[in-house]
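Reading through the C-alpha cells given below for one structure.
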Amino acid sequence: MSKSGNNVTGGKRRMPGWKRALLILGSLVATFALVIGSLFTWLYTGAKVSTVGEVDFHNALAVPPLAASTVDADGTRVFDLRMQAGETEFTPGSKTPTWGFNGSYLGPTLRAAKGEKVRVKVANTLPEESTVHWHGMHLPAAMDGGPHQMVPAGGNWAPEWTIEQPAATLWYHPHPHGETETHVQRGLAGLFLLDDTASAALPLPKSYGVDDIPVIVQDVTFDGAKFDHGHKLMRNVGFLGDRTMVNGTLDPYVTVQDELVRLRLLNASTARVYTFGFDDGRTFRQIASDGGLLEAPHTADRLVLSPGERAEIVVRMKPGERTVLRSYPLDAGLDFWNQRFGGGDDSFDVMQLRAAPTLRPSAELPGALVASALPTGEDSARNRFFELKASGINGRKMDMSRVDETVTRGTAETWTLRNDDGMPHNFHVHDVQFRILDINGVAPPPPLRGPKDTVFIPSGSTVRIALRFDGPADPDTPYMFHCHLLYHEDKGMMGQFVVVEPGQSAGTLKPPPSTGSHQH
Ligand code: C2O
Ligand code: CU
Ligand code: CU
C-alpha cells in the first residue's frame, strides 16, 4: 500500500528517506563548519605578519633633505612645496608609481623657529585636487590645510602664519575629505621641525641627519613594482602593510657616529600602531612627545605610537655595536579578534643602527628639559564628550557643512573621549597641543604627560584631555577633530569645530568646495 518504507533492494532494507536527509544535512553542516573553521584558521593565521629576523638591512637610510627657504623683506621665511606624481625605485630597477613633495616620494623637512613668520607656497601639479595640512601646528583655521582648503589640480595655495609654539617635531600631509588615506599612502608626507631658544640651550643631539635623525615609519605592501593598497578581509582598521620602511627606505640601516643619537619618530602609517623597542632590550630616553619636549627625559624600553603620533628618543650607542629598532606586538588590551586582525600581533624589524668603530663623545642628557605650559583642566570653561565609533563621532558622520562644536577664543576646555567600539581608534585635534588628564581615571604615564595632539584610545578606554584655544577666532572656517586611522577618518569619523570671539556664534559653512578635477 505504502510506496515508501517497504521497498527492498538487494535484500537490504533502505534507510527511511527522512533519516537519509538528516544524515546528508548533518554531513553538510559538518563540512560547512569544517570549511568555515579552516577558512577562519587560514585567515587568522595568515593575518599575522612578522619581518623579525628576516630583514637584512642592506640600504643606507635616506634622510629627507632640509627644505630650502628664502627670507622676504618683511622677514617671512618662504618655502616652496610642489606636489607631484612620479616614480620611486624602492628596489633598484623596480619603478613604483608614487606621489611626493619636491620629489617622487615623501617631502623635504621644513624647519622654522618660534617667533618666525612663515609662508609655504604650495603648487599642486597632481592630476587631482588635494590639500596640505600642518599636523600639530597652532595657526589660523584658514591656513590649516584641512578639507576646506582644497588646492585644485594645477592650482596654488600660499598659507602664512607665525610660529607661536615650542620646539617640536610636526608633520604635513594631505587632508582631502574621503581621500586622505590614499594620498598619504602614495607618498605625500613630510616633517615640519620647530626650534626655540629653550631647546637650543639644552645639550641635546641636534645635528640634523647626523645625531638627530628623522625616522618616518610606514607600512607597505608591494604587488610587483606597484604598491598594493588593498584592505584585506576583516581588517576593519583599514590598510595594514606586510613590511615597513623608514623615510622611504626599505631594509634600512643608519650609521651612527656619536655616543648619543636622537631619533625623531613619526608614525606616518595610515592604520598601524607600533610598539617600538630595541632587539637587545636596551632602554632609551624619551625626550619629546607630539608637540615638544617633556619636562624630563623618561627612561623606557617600549614606546607605543598610533598613526600620526610622534616621539623623540635618545639612544646610547657603544663603538662598533649594532642594534635593531623593532616593533613588538601591541599590548593594549584589544580583544582576540582585533588583536589579530587589527595588526596587534604583528612585529617588524624596522631599522638597524650601526655604530662607527669610534664615536664622538656626546654631552649627558640634562635631568630636566622644559616646564610644561599645557592647560591643567582646572580652568576649563566647558566639558565636552565624544563617543568614538568608526560609524561616526557622537553618532554623526562628518558633514563638511555642519559645525559640530563652537569654542570660545581664550578659553580652556576638558574633552572626554570614549571608545567602546570594539576596535582601536585614536583622536587628533587640529590647532592645539593638549594635556592628557587621565586614562580610565588614572594619571597618564610620564611619556604621555607632554604636549599631545593625537592620543591612542584602545576600545574600552576613556581619555580626558585639557585643551586651550588661543585663537585667532574665525567663525566661518572650521578645524577638524578625528580618528587618525585614515580609513576611519575618510569614512566619516571626523567632526569640525570653530573658534569664535566671546559671545559670537558659529558662521554658516560654505558648501564643500569642489574643483571638478577629482578622479579615481
Ligand atoms: Cu594629521 Cu587632521 O590630520
Ligand atoms: Cu592635524
Ligand atoms: Cu578609528
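Computed from the coordinates by the stated procedures, all read-outs in this text should not be read as laboratory data. Here the structure is a predicted model, which means the values were calculated and not measured. Because the Cβ atoms are built from the backbone with ideal geometry, glycine has one as well, and the counts that use them run over all protein chains shown.
Some points to look at:
- The alpha carbons of the range 281-330 occupy a box of 34, 27, 14 Å along the principal axes, longest dimension given first.
- Cβ-placed point charges (K, R +1; D, E -1), dipole of the chain about Cα centre in debye, nearest 20: 2320 debye
- Size of electric dipole in the range 146-208: Cβ of Lys, Arg +1 and of Asp, Glu -1, about Cα centre, debye, nearest 20: 180 debye
- Under the Karplus curve 6.51 cos²θ - 1.76 cosθ + 1.60, θ = phi - 60°, whole-Hz ³J(HN,Hα) for the range 104-112, x wherever Gly or Pro sits: 8, 8, 6, x, x, 8, 7, 8, 8
- Furthest towards positive pole of dipole, L139, F90, T45, structure part the range 1-154, Cβ charges: T45
- Cross-link reach list, aspartates and glutamates versus K206, counting only Cα pairs under 20 Å and skipping chain neighbours closer than eight places: E116, D195, D196, D258, E259, D290, E295, E312, E364
- Normalised contact order of the chain, rounded percent, pairs of Cα under 8 Å and 6 or more residues apart: 14 percent
- For L485, distant residues with modelled amide H under 5 Å away: N426
- Here the relative contact order of the range 60-199, from alpha carbon pairs under 8 Å that lie six or more residues apart, stands at 26 percent.
- 222 nm mean residue ellipticity, helices alone, for the chain (DSSP H n ≥ 4; -39,500 (n - 2.57); rounded to 500): -3000 deg cm²/dmol
- Given charges at Cβ of Lys, Arg, Asp, Glu: the chain dipole, positive-most of M398, G422, P166: G422
- Mean separation of Cα contacts under 8 Å, 6 or more apart, over the residue count of the range 380-500: relative contact order %: 36 percent
- Test item: Cα-centred dipole of the range 291-393, Lys/Arg +1 and Asp/Glu -1 on Cβ, debye: 380 debye
- Here's the picture: charge each Lys and Arg Cβ at +1 and each Asp and Glu Cβ at -1 in the chain, and of G154, S347, L485 the one pushed furthest to the positive end of that dipole is S347.
- Distance between the range 27-80 and the range 297-336 - C-alpha centres, whole angstrom: 16 Å
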